[in-house]
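K.L.:
Following this message is one structure expressed as structure tokens.
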Amino acid sequence: MEDFLRSIRVPGRRYYVRVNLLRISRGEFIDLLKNHGVEAYGDEFLSEAIWFPVKGPFRVPVVDKVVVANKYAAESVYLGADLFAPGVVSAVGVRKGDEVNVISVNGDLVAYGIAEMSGDEMVSRKKGLAVRNLVSVYRVPSLRRITGIREDWFYEQSFPAMLTSRILDPQPSEVIVDMCAAPGGKTSHIVELSRGEAIVYAFDHSNTRVKKLKETLGRLGHLDRAKVLKADSRYLDVDFPHLRADKVLLDPPCSALGVRPKLYDEKKYSDILNSSRYQRQFIKVAYRLLKPGGILVYSTCTITIEENEENIEYALSLGFQVDEIWRPFGMTGVKDYWFSTSLLRFLPNIHDMPGYFIARLVKP
């Protein structure tokens, strides 16, 4: 467990991006990046994936002025991203042009940079560049800063998240439901893998999440290739009684204990149990949506047995059967379960990946 906790606090050695193959080939994209001096490589297993070496750790200069960032913003700045106003928690006494340190809420020093607005503006504004990052603990390329690199050519996504859609294996003309689709990484990947020829339904439950989903699909040029709908997917069988799917992707809200780099987190065991019970509501509906012979791919970015193996055991009690899974690398599920060899896990301290879980199930 100590090895896991140490590894989760730092990024992996590879930073992954998915190439939108409906817009540009991977080889062309890598060549363009290399022409701009960016070190990039094609992944060995996924033909749409490229990766960049993560640089660092670097020594961050310490100055007097401090900007406190929320958890998610701090973790992005830790990797070299600029800090934007929505991610600022406080910036007492900061003036535009000041040298500042960006720290997390729990005091981790993540970067040194220049304030692009006053501290009061950082806290009150809902958009805009707050701190231009000059030195961060780790650094990955910012593709959006490279002249000539179009935003519809790529999507930043981890290897296991890409592998999840590959395991779903979407095909033209199939009806595919993404139950918890925002922010849209897997939905857009499904569109790309099916060459835009699958019938894709992408659901999420809030206006904010649906907006983010549409923004992702729009940026990649896929908005007209998926039906984006606001709905609580725990009730899709009731709200959409005629919807029947060949395949369902379920990546439900989870405890996210596998996300890295993770500067800090607070979870109680009751939170894990609540997540597991919540996830089972989606699994039950997925079974009802699927046609006989249909496929459910279930994934989480967490490592707990309760949200993973125990939920697969629940799925089997509904009538699902485990299906064989493509395992380019990674490990099987926890050995206490007879079906564990049909599951796929990644652990950061073993595979240098985010903590992740994937299962492929079939409805007889």
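Each reported figure results from applying straightforward, stated rules to the coordinates on display, with no laboratory input. Small disclaimer: the values here were computed from a predicted structure and weren't measured. Don't worry about glycine lacking a Cβ; one is built from the backbone with ideal geometry, like all the others, and counts go over all protein chains shown.
K.L.:
Which value, in debye to the nearest 20, describes the size of the charge dipole of the chain about its Cα centre when Lys and Arg Cβ atoms bear +1, Asp and Glu Cβ atoms bear -1, and nothing else is charged? Please list the in-between numbers first.
P.N.:
Values: 50 positive and 45 negative charges, 117 e Å.
My answer is approximately 560 debye.
K.L.:
Between Lys212 and Asp336, how many nm apart are label points set 7 Å from Cα along the C-beta direction?
P.N.:
3.2 nm
K.L.:
Taking θ as phi - 60°, what are the ³J(HN,Hα) couplings along the stretch 229-236 by the Karplus curve (6.51, -1.76, 1.60), each to the nearest whole Hz, with x for Gly and Pro?
P.N.:
In residue order, the calculated couplings are 9, 8, 6, 7, 5, 6, 10, 4 Hz.
K.L.:
For the stretch 259-330 and the stretch 336-355, what is the separation of their Cα centres, given in Å?
P.N.:
Their Cα centres are 13 Å away from one another.
K.L.:
Give me the one-decimal nm value for the distance between modelled label points at Ser25 and Ser90, 7 Å along each residue's Cα-to-Cβ direction.
P.N.:
Reported label-point gap for Ser25 and Ser90 is 5.5 nm.
K.L.:
Then there's this: Label-point separation (nm) for Ser317 and Ile305, each offset 7 Å from Cα along Cα-to-Cβ?
P.N.:
Inter-label distance under the simple model: 1.6 nm.
K.L.:
Still on this structure: Could you order the peptides 286-293, 33-40, 302-309, 245-252 from most to least packed, using the average number of other C-beta atoms within 10 Å per residue? The partial results should precede the final answer.
P.N.:
Values: 286-293: 16.9, 33-40: 14.0, 302-309: 21.8, 245-252: 23.9.
Ranked from most to least packed, the peptides come out as 245-252, 302-309, 286-293, 33-40.
K.L.:
How would you order 275-285, 60-70 from highest to lowest mean count of nearby Cβ atoms within 10 Å?
P.N.:
Values: 275-285: 18.6, 60-70: 17.1.
In descending order of packing, they fall as 275-285, 60-70.
K.L.:
Let me ask something additional. With r defined as the distance between the Cβ atoms of Thr147 and Lys127 and R0 fixed at 25 Å, what FRET efficiency is calculated, to the nearest 0.05?
P.N.:
0.60
K.L.:
Something else: Using modelled amide H (1.01 Å from N, peptide plane; none on Pro or chain starts), what sits under 5 Å from the amide H of Ala226, excluding residues fewer than 5 places away?
P.N.:
So Ala226 has HN proximity to no qualifying residue.
K.L.:
Still on this model: Would you pull out the residues with amide H under 5 Å of Ala111's amide H, same chain only if 5 or more places away, H placed 1.01 Å from N?
P.N.:
HN-HN under 5 Å from Ala111: Val102.
K.L.:
I would also like to ask the following. Tell me the mean residue ellipticity at 222 nm calculated for the chain from its helices only (DSSP H runs of n ≥ 4, each -39500 (n - 2.57), averaged over every residue, nearest 500).
P.N.:
Details: 11 runs with 102 residues, N = 364.
Counting only the DSSP helices, I get -8000 deg cm²/dmol.
K.L.:
Ok, one more. So for Met1, Met117, fewest C-beta neighbours within 10 Å to most, what's the order?
P.N.:
Values: Met1 6, Met117 21.
Going from sparsest to densest Cβ surroundings: Met1, Met117.
K.L.:
A follow-up question, please. Can you tell me the order of 223-236, 326-339 when each peptide is scored by its average per-residue count of other Cβ atoms within 10 angstrom, highest first? If you can, show how the numbers build up before the last one.
P.N.:
Numbers: 223-236: 17.3, 326-339: 14.5.
Highest mean packing first, the order is 223-236, 326-339.
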